[in-house]
Amino acid sequence: MDDRRFIEGLPKAELHIHIEGSLEPELMMALAQRNGVSLRFPSIEALRAAYRFSNLQDFLDLYYEGMRVLLHEQDFYDLAMAYFRKAASQNVRHAEIFFDPQGHTGRGVPFRILIDGLSRAQADAERQFDVSSSLILCFLRHLDEADAERTLDEALPWRDRFIGVGLDSSEKGRPPRLFERVFARARGLGLHAVAHAGEEGPAEYVREALDLLKVERIDHGNRALDDTGLIARIAREQIPLTVCPLSNLRLCVVPDLEDHPLRRMLDEGLMATINSDDPAYFGGYMNENLAALRLSRGDMMTLARNGFRAAFCDEASKQRHLEALNAYGLSGT
Ligand code: HPA
Ligand code: ZN
């Protein structure tokens, strides 16, 4: 079979997807109309044409603007169901999904509204598409730690609805050390910890995320490659990196995909995984991200295997997914 069909059929886990970043222009427009929210873009084409970014902040400005159409429980449900439908069509078997509560509570949408919509979609996706999923609550790092602490407090009545905390938004000048206490509290509550680091920020931020926030995975992590000691440690400890090729390209984190650091990560024996980040904004979901790098079948199998190994799901599910993947590798080539 050709590469495209091989990628389509490959069983996958997605570990780095912001649910608000899966808001396609069509749904954004429909929700704007349904909710009487005005957008400054006259059409879907005009909106899509605005998706040209020179850096992370350019994108974030539009990302926060777009999420203003999300107001009601049904909106969050529709958003997540659209993602699950797409993920299932690409044979994503398991997804660990970021959500940004401060992007909503800061606009007056209660936490209960968003968590109920997302949870209901998760349950329906499991039934309808056989896609399992978990939620990871991300703190916005452009806001201060007190805001993150309040967000965690607000979320605690729904502690069983999410499995971990993450750290996202503007990275430059916002080092992980600023969030040491809130991460310690979250870990004390038995939550998993991950953080975006080394996307635009330096290798030092990756080190801080590991040493101070004690994260189990690094989201992006590209800039870790600037530091040989850090590379050796990430390889030795097999710390997963959730890499997002099309995101890196669209946010000018890499100049082109031919030179993407993923190749070096695999050569160095790092546990890299492929993910879509904000697929509605960056031009592709899992399959498009995998296809963009023009990898060997062996590398694609390694990346898919790493995705399941790095997931926070239970061991039995992990083994079941890995066996299905191995069977695919034997039959699919
Ligand atoms: N980086 C940081 N914050 C984000 C991203 C990202 O790629 N996507 C959504 N929030
Ligand atoms: Zn991200």
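Within the stretch 271-309, the residues that satisfy the criterion of being under 15 Å from the mean Cα position of the chain (by Cα) and of a type in the set (Val, Ile, Thr) are 273, 274. When 47, 71 are checked against the criterion of being open to solvent by 50 Å² or more (accessible area, probe 1.4 Å), modelled with pLDDT of 95 or more and more than 15 Å from the chain's Cα centre (by Cα), a single residue qualifies: 71. Applying the criterion of being basic (Lys, Arg) and under 21 Å from the mean Cα position of the chain (by Cα) to the residues of the stretch 132-161, the residue that is farthest from ligand 1 (Cβ to nearest atom) is 159.
When we screen 65, 24 for residues that are open to solvent by 10 Å² or more (accessible area, probe 1.4 Å), under 18 Å from the mean Cα position of the chain (by Cα) and either within 16 Å of ligand 2 (Cβ to nearest atom) or within 30 Å of residue 198 (Cα to Cα) (or both), the only hit is 24.
Scanning the stretch 211-221 turns up no residue that is within 15 Å of ligand 1 (Cβ to nearest atom), assigned to a helix (DSSP H, G or I) and touching a residue at least 24 places away in the same chain (Cβ under 8 Å). For the stretch 280-299, the candidate set comprises residues that are closer than 25 Å to residue 67 by Cα and assigned to a helix (DSSP H, G or I); within that set, the residue that is most open to solvent (accessible area, probe 1.4 Å) is 288. Suppose the filter is modelled with pLDDT of 95 or more and assigned to a helix (DSSP H, G or I); does residue 185 pass it? Judged against the criteria, residue 185 is a match.
Residue 306 satisfies every condition listed in (1) closer than 21 Å to residue 7 by Cα; (2) touching a helix residue (DSSP H, G or I) at 6+ places or on another chain (Cβ under 7 Å); (3) away from ligand 2 (no atom under 16 Å from the Cβ); (4) not hydrophobic (A, V, I, L, M, F, W, C) except (2).
Looking across 165, 206, one residue alone is over 22 Å from residue 285 (Cα atoms), within 16 Å of ligand 2 (Cβ to nearest atom) and part of a helix (DSSP H, G or I). It is 206. Just one residue in the set 131, 182 is crowded, with 16+ Cβ neighbours inside 10 Å, away from ligand 2 (no atom under 16 Å from the Cβ), under 23 Å from residue 200 (Cα atoms) and in contact (Cβ under 8 Å) with a residue 40 or more places away in the chain; that residue is 182.
Within the stretch 307-323, does at least one residue satisfy the condition of being over 19 Å from residue 98 (Cβ atoms), of a type in the set (A, V, I, L, M, F, W, C) and open to solvent by 20 Å² or more (accessible area, probe 1.4 Å)? Looking through the stretch 307-323, at least one residue is over 19 Å from residue 98 (Cβ atoms), of a type in the set (A, V, I, L, M, F, W, C) and open to solvent by 20 Å² or more (accessible area, probe 1.4 Å). Among the criteria (1) over 17 Å from the mean Cα position of the chain (by Cα); (2) open to solvent by less than 30 Å² (accessible area, probe 1.4 Å), the one residue 164 does not fulfil is (1).
Look at residue 263 and say whether it is more than 30 Å from residue 67 (Cβ to Cβ) and not in a loop (DSSP other than H, G, I, E, B). Yes: the conditions hold for residue 263.
Here the condition is being modelled with pLDDT of 95 or more and closer than 18 Å to residue 136 by Cβ; of 53, 6, 41, 76, it holds for 76 alone.
The values are calculated or read from the model by the stated rules, or taken from the named source; none is laboratory data. What you are looking at is a predicted structure, and each value in this text was computed from that prediction instead of being measured. Cβ sites come from the backbone with ideal geometry, for glycine too, and all protein chains shown count toward neighbours. The accessibility values were calculated without ligands, DNA or RNA, using every heavy atom of the protein model including side chains. Shrake-Rupley method; radii C 1.70, N 1.55, O 1.52, S 1.80 Å.
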